[in-house]
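Here is the structure we will look at, set down as structure tokens.
The values are calculated or read from the model by the stated rules, or taken from the named source; none is laboratory data. Keep in mind that what you see is a predicted model, and the values were worked out from it rather than measured. Reconstructed Cβ throughout: ideal geometry from the backbone, glycine too, with neighbour counts over all protein chains shown.
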Amino acid sequence: MKNILILGSGGREHAFAVSLANDKNVSKIYCAPGNGGTASICENVNLDILNAIELLKFVNEKNIDLTVVGPEAPLANGIVDEFQKAGQLIVGPDKYGAQLESSKIFARDIMAKYNVPSPKYVACSSRDEAEIAKNDIGLPVVVKADGLAAGKGVIICDTEMDFKSAMITMFDEKSFGDAGEKVSLEQCLIGEELSVFAVCDGTDYVILNSAQDHKRAYDGDQGPNTGGMGAYSPTPLSTPEMLEKVGETIIKPTLDGMKNEGYPFKGFLYVGIMIVDAEPFVIEFNVRMGDPEAQVILPLLESSLFDLLYYSSMGDISKAEIKISNRTAVTVVLSAEGYPGGYPKGMEIHGLDNLQNDLVYHAGTKLSNEKIITCGGRVINVVGFGENLQKAIDDAYRIVDSIDFSGKSYRKDIGQRGLKYISEK
């Protein structure tokens, strides 16, 4: 029986905790720092997840067998390198590999070098360079801050006015700080989007599933970008043929390329895809599990999550059995009023006690005086299941109606894009 440390405090980390708590291989789970939901199945510990020395001391004291990294910042900071030097198992890529997410330009350069299908791009360090690149690529064009920007450093420019505004945001206002010192100017692909999630062991990989996230704050994909207001898995676009094509033309060449660079890639690889004329192109890579996509993908994994993560970290993913449910899962995010802008905290959440038979992941919550209260923008993820997308949507919104807190906000159209695609097939 193994001891696990999970790093992070959101819905993704609660999803990891629930799956691992139900795993026959797992004895004890610690979550740093965790949330109000992880508190009931893990021991929450107040550790700095960017401080490798502090984490390694805890890992040694508690005989941790495997550390699971939730968010991207510790990976970009090089936590895996420090754990590897200390001989400790950890899920995720080293600092070099983490650049597939932490540097848009690095990722595009790797894709170009190893013939991974992706849009035309130009790396730019100034407005003048960006102007030249825009004239070369043509409108519409996508402007991406090179570094990590909490999922918000992407601006789609349909017009000259949009482009001028993007230049002001990136180079004049420096809205994304150091992340926006360089930008990747990219051809704007038009097609259907989906995300494919794989677990990699440096050489080989397993595709877990596909999902579609809903980034905008309001119904109809209106309003500002958020961390994600809901998701569903699998997507109707992810046929076995498409997933095989993504594996053969994108994931395998990327893994071969990273190995050739001298830095075999281990951990989660989240591939954001645009399908253009039945061919997949990479919009972006992430090097960790998505949030809220983890909340629909992990519950559909019927085999051991521990085995999958353990053997991938050991470099032998072929030893892990993989069994995935044929059901559909939908998650709806309940957020605080005002998110992704300013929002209040400290509201008591009602109705959770009546949902023991339903799956509810905590994100921005904490336990205070025996009550669960809000402490973040994305507060709760409810998860519904069904034999098809419509039934899973209905199930999720049934749970939404059972939970209440002051200022509860949520999108009412999660999954509708998938239903529209099915109806048009």
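Some notes on this structure:
- Every residue from region 12-70 that is touching a Cys at 6+ places or on another chain (Cβ under 6 Å), closer than 20 Å to I297 by Cα and among the polar types (S, T, N, Q): T38
This table checks each residue for (1) assigned to a helix (DSSP H, G or I); (2) farther than 28 Å from K366 by Cβ.
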| position | (1), (2) |
| --- | --- |
| L309 | yes, no |
| S313 | yes, yes |
| P340 | no, no |
| D353 | yes, no |
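- When the strands (runs of 3 or more DSSP E) confined to region 98-199 are screened for residues that are buried (at least 22 other Cβ atoms within 10 Å of the Cβ), touching a strand residue (DSSP E or B) at 6+ places or on another chain (Cβ under 8 Å) and of a type in the set (V, I, T), those reaching at least 2 such residues are found at 141-145.
- Extreme residue, nearest to K366 (Cα to Cα), among residues of region 1-49 that are of a type in the set (D, E, K, R) and surrounded by fewer than 24 Cβ atoms within 10 Å (Cβ to Cβ): E43
- The listed residues are L309, L334, L301, and the only one of them that is modelled with pLDDT of 95 or more, farther than 22 Å from S27 by Cα and under 19 Å from the mean Cα position of the chain (by Cα) turns out to be L334.
- Hits in region 309-321 (condition: surrounded by fewer than 16 Cβ atoms within 10 Å (Cβ to Cβ) and in contact (Cβ under 8 Å) with a residue 60 or more places away in the chain): M314, G315, D316, S318
- Matching residues, region 356-387, being assigned to a loop (DSSP other than H, G, I, E, B) and surrounded by 14 or more Cβ atoms within 10 Å (Cβ to Cβ): D358, A363, G364, C375, G376, G377
- Qualifying residue in region 121-131 (condition: modelled with pLDDT under 95 and closer than 25 Å to D256 by Cβ): yes
- Matching residues in region 54-97 - criterion: being at negative phi and assigned to a loop (DSSP other than H, G, I, E, B): K62, I64, D65, G70, P71, N77, A86, Q88, L89, P93, D94
- Checked against the criterion of being farther than 20 Å from A294 by Cα and at pLDDT 95 or above, region 32-42 contains not a single residue that satisfies it.
- Residue within region 186-195 that is of a type outside the set (D, E), touching a helix residue (DSSP H, G or I) at 6+ places or on another chain (Cβ under 9 Å) and closer than 21 Å to A294 by Cα present: yes
- Restricting attention to region 191-229, the residues that are over 28 Å from L309 (Cβ atoms) and touching a Pro at 6+ places or on another chain (Cβ under 8 Å) total 4.
- Residue within region 41-53 that is in a helix (DSSP H, G or I), of a type outside the set (V, I, T) and in contact with a strand residue (DSSP E or B) (Cβ under 9 Å, 6 or more places away or on another chain) present: no
- In a residue-by-residue description of region 331-342, the property of being closer than 27 Å to S304 by Cα, out of contact with any Lys or Arg (no Cβ under 8 Å at 6 or more places or on another chain) and in contact (Cβ under 8 Å) with a residue 40 or more places away in the chain applies to at least one position.
- The sole residue among V296, V271 that is within 12 Å of the chain's Cα centre (by Cα) and either in a strand (DSSP E or B) or surrounded by fewer than 18 Cβ atoms within 10 Å (Cβ to Cβ) (or both) is V271.
- Scanning region 50-70 for residues that are closer than 19 Å to F16 by Cβ and surrounded by 19 or more Cβ atoms within 10 Å (Cβ to Cβ) turns up L55, V59, I64, D65, L66, T67, V68, V69, G70.
- Filter result for the condition that a residue is within 16 Å of F281 (Cβ to Cβ) and of a type in the set (A, V, I, L, M), over V183, V142, V91: V142
Per-residue answers, yes or no, for (1) in the same structural domain as S402 (by TED's automatic domain parsing); (2) under 23 Å from F16 (Cβ atoms); (3) acidic (D, E):
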residue: G346; (1), (2), (3): yes, no, no
residue: N354; (1), (2), (3): yes, no, no
residue: T374; (1), (2), (3): yes, yes, no
residue: V383; (1), (2), (3): yes, yes, no
residue: E387; (1), (2), (3): yes, no, yes
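- One residue stands out among those in region 225-259 that are hydroxyl-bearing (S, T, Y) and in contact (Cβ under 8 Å) with a residue 40 or more places away in the chain: the one that is surrounded by the fewest Cβ atoms within 10 Å (Cβ to Cβ), which is T249.
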